[in-house]
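No value in this document is a laboratory result; all are computed from the given coordinates. Computed from a prediction, not measured in an experiment: that's the story for all the values here. Cβ coordinates were reconstructed from backbone atoms using ideal geometry, including for glycine residues, and neighbour counts include every protein chain displayed.
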Ligand SMILES: Cc1ncc(COP(=O)(O)O)c(C=O)c1O
């Protein structure tokens, strides 16, 4: 016996839910790729993508997952043996750093804490020591999807600028773009990396690198440039074909056009507000459930909690069992914890195409599962979550 029948709910932190509207437009047979509608559509994407990263700089599109965009960013701006500084916070900055090592870069890690954001003073201290400007690039993530921390990119960018350090500032927004406020130009970022499958509500397979003038300048002498990813042929294309270094990902282009239209219709500010309210409701529920040796938000600093994903420590409550009950009894898939938190945590993805019934349903299902396990929790987390959402409704 199970209550699982009905529309399944996926609450993992990406790939996120793809709207019907996007799926429908992607469901088409092949058009002509040499002229006509598709060519215009591709160039319209290049024109419109900068606005979602709040930049006037140009974007390069990678037919890949986020790892491909990481690679594109490194190869186009750096040379073998260059020193780069990775600001660790959770899992993904470190994984980007490991890729940089395999790309023949000299990687230094500034270690962080799994429960806190990057400390801008630590960065300032390290850069002050680098008087010969040996460090050529600084890598970090905006939102780490494993720990659910949101780093203060504005402060980190300002720290680099205050010290007049010439290193390129590279930010991974794979889990935050289209969810959290992000201001590439205002926050002095040189490279922004994102991918299609999280806040951008698309299937995986397309990723993006926005590059500042300083990054484009670095590209001219970058010794790691490799054929397929090289910006040279992509930067001033005579034809759409060059934008993608080959045949374009046709269905993804149509899907992305629809996503950008949806973002434009809702407005970025409203998107950030919606994510803030829904994330606040998740946090309110967890804090109501919280008991000694029970559920607890992983990130301790309230200002550094992501609005796209929440990592919840479970203490003595069996997280595997909780996830299993939600999946098998109710059709709700919660995110597995990763990055060293596997044993006693789980994650709720709340990014992209999401509204109050989806998030309240998710929270109520988790509360039901916890009650069914006789877990020690504070009661009526769902009531506190509803109150948060009620405050966002106009009266
Ligand atoms: C913050 C962040 N960076 C990078 C990645 C890697 O992206 P991909 O799996 O698309 O290569 C992920 C994937 O979840 C991520 O969450």
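Assorted remarks:
- Förster radius 45 Å - calculated FRET efficiency between residue 261 and residue 327 (Cβ-Cβ, nearest 0.05): 0.85
- The chain: angle of helix 66-77 to the longest principal axis, Cα-based, in degrees nearest 10: 30 degrees
- Between residue 387 and residue 320, full extension at 0.36 nm per residue minus the direct alpha carbon distance yields a gain of 21.2 nm.
- With a Förster radius of 22 Å applied to the C-beta separation of residue 353 and residue 99, the computed FRET efficiency comes to 0.15.
- Cubic angstrom per residue, convex hull over Cα atoms of the stretch 20-264: 113 Å³
- With the convex hull constructed from alpha-carbon coordinates only, the stretch 207-309 shows a mean projected area of 11.1 nm² over all directions.
- Relative contact order of the stretch 259-339: 22 percent, from C-alpha pairs under 8 Å at least 6 residues apart in sequence.
- Between the stretch 130-206 and the stretch 282-344, the alpha-carbon center distance in angstrom: 26 Å
- The DSSP beta bridges internal to the chain are antiparallel in roughly 50% of cases.
- Maximal additional length on extending the residue 272-residue 129 stretch stands at 47.8 nm, based on 0.36 nm per residue less the C-alpha distance.
- With R₀ fixed at 51 Å, the C-beta to C-beta distance from residue 106 to residue 2 puts the FRET efficiency at about 0.40.
- Computed over the chain, the per-residue total of -39500 (n - 2.57) for DSSP H runs of n ≥ 4 gives a 222 nm mean residue ellipticity of -12500 deg cm²/dmol, rounded to 500.
- The mean sequence separation of alpha-carbon pairs under 8 Å and at least six residues apart, normalised by the residue count of the chain, gives a relative contact order of 24 percent.
- Degrees between helix 120-129 axis and first principal axis of the chain (Cα, 0 to 90, nearest 10): 30 degrees
- The ellipsoid equivalent to the alpha-carbon distribution of the stretch 133-251 has semi-axes of 25, 21, 11 angstrom, derived from the gyration tensor eigenvalues as √(5λ) and listed largest first.
- Nearest 10 degrees, 0 to 90: helix 250-266 Cα axis against the chain principal axis: 70 degrees
- Simple spin-label estimate for residue 10 and residue 37 in nanometres, 7 Å along Cα-Cβ: 2.6 nm
- Between residue 30 and residue 241, the modelled labels are 1.4 nm apart [label points 7 Å from Cα along Cα→Cβ].
- Extension gain, residue 226 back to residue 48 (0.36 nm per residue minus Cα-Cα distance, nm): 61.4 nm
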